[in-house]
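Questions regarding the structure given below will be posed in turn.
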């Protein structure tokens, strides 16, 4: 075995014939194109003559190479050549000798562990190409990296990749970004180990533009994990929404808009582009709703688009959620009655619709919130009911479920005007005692934004207000969702008018925002 030190970049960049910036653990150019980078280091190459072979394999001109740790046999890079028998000077024939040229085995990109490539469907390996749509190009000129001054391209060209030799130190992106100040974007990757997308030099890398791949990656890594209580491998935001976004231009643009809104905290130039893209998506939904053919609007893709836009409202703290929530409820009924949809997709539609209805209805209308809670059953908390993977997570989920139920009781009593000052203080104290020993950074704690806001709005004692406001600030450092700062400002306004106005009237008429 010969060891060759890799000094000219990663395998993927050399295969694409571009100059690698040699960033670690993954180079920037592979990240920009959405390719799984094998990284820098030592590359091992094997020669066939250094290994024992069976007699059947020692046939003339048919040498093979076997990769380390695999049982499959690959053809060698060069065929063997045998020298012709030659006569010696004394007239005797020398025996034929077989000579082998040097043969090397290039390291193949890693496949998903535990899967046979033949068993993986083609749709999972190659994302379908998006259709050309002028309305879906609002973010087409958005840079696919942190710097907004450097151009990006959806195609891979040698001149485009090689004209910036200083990209290594200027645009390096680490897997986890940890700013020095509170104004930076603080994100925590999920503890769930996921197999990377199977993009590589041997697969189609131009089926989705580099900009879309960048926004898809951010949505998958940072946003999808915050829209479920505990992140897991079958997270439908990752396994259902993103594949649909690769096929549907409107869903793709909605995902790009939401990711751009979240990234605009560190790249302010993305904010305006995201707002323009959001208006285009809403315009397309409006045109679809006015279509005489009802089937053109009551589609599963439209429900997913509205769901993603609602996620964006939790990031921006926008007031659009009141209208989007009504559309989500209407489209969910059509999706649940669609016999062509699989059961797992229907379950996702049901759980997410109920989750947004639980968090959104009480903040949009007191009467809607009361009607929803009075007719609701335990399945309104079904989005929290899947089995956690560890006993510690099970304990956390049980605590959060209890806190959700306590927050619902607080809202019901306040909206129905049946609460008293003594019972109000006791109910808030009960919530505080339930979560006081819970780690604010525990897995799934980001789901407690809504009950913490309800408890803080109901609070009258300074120690209660300080406790829940502090917990909301800690959750903001975890998610960086813009609805939390809006919630903190709303709480100050509620506390200033607590003697004259009920907080349920304020959040439904004066300060409408989707807080979750």
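The values are calculated or read from the model by the stated rules, or taken from the named source; none is laboratory data. Source: prediction; values computed, not measured. Positions of Cβ are generated from backbone atoms using ideal geometry, with glycine treated the same way; all protein chains shown enter the neighbour counts.
Can you tell me which residue is farthest from residue 497 (Cα to Cα) among those in region 442-469 that are in a loop (DSSP other than H, G, I, E, B) and touching a residue at least 60 places away in the same chain (Cβ under 8 Å)?
443
Could you count how many residues in region 475-496 are surrounded by 14 or more Cβ atoms within 10 Å (Cβ to Cβ) and either under 17 Å from residue 360 (Cα atoms) or more than 19 Å from the chain's Cα centre (by Cα) (or both)?
Counting residues in region 475-496 that are surrounded by 14 or more Cβ atoms within 10 Å (Cβ to Cβ) and either under 17 Å from residue 360 (Cα atoms) or more than 19 Å from the chain's Cα centre (by Cα) (or both) gives 13.
OK, next. May I ask you to say which residue of 418, 434 is more than 27 Å from residue 383 (Cα to Cα) and surrounded by fewer than 22 Cβ atoms within 10 Å (Cβ to Cβ)?
Result: 418 is the single residue among 418, 434 that is more than 27 Å from residue 383 (Cα to Cα) and surrounded by fewer than 22 Cβ atoms within 10 Å (Cβ to Cβ).
For (1) in contact with a helix residue (DSSP H, G or I) (Cβ under 9 Å, 6 or more places away or on another chain); (2) outside the structural domain of residue 317 (by TED's automatic domain parsing); (3) over 30 Å from residue 235 (Cα atoms), each residue gets a yes or a no:
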{"residue": "398", "(1), (2), (3)": "no, yes, no"}
{"residue": "404", "(1), (2), (3)": "yes, yes, no"}
{"residue": "419", "(1), (2), (3)": "yes, yes, yes"}
{"residue": "429", "(1), (2), (3)": "yes, yes, yes"}
{"residue": "436", "(1), (2), (3)": "yes, yes, no"}
{"residue": "443", "(1), (2), (3)": "yes, yes, no"}
{"residue": "448", "(1), (2), (3)": "yes, yes, no"}
{"residue": "459", "(1), (2), (3)": "yes, yes, yes"}
{"residue": "463", "(1), (2), (3)": "yes, yes, yes"}
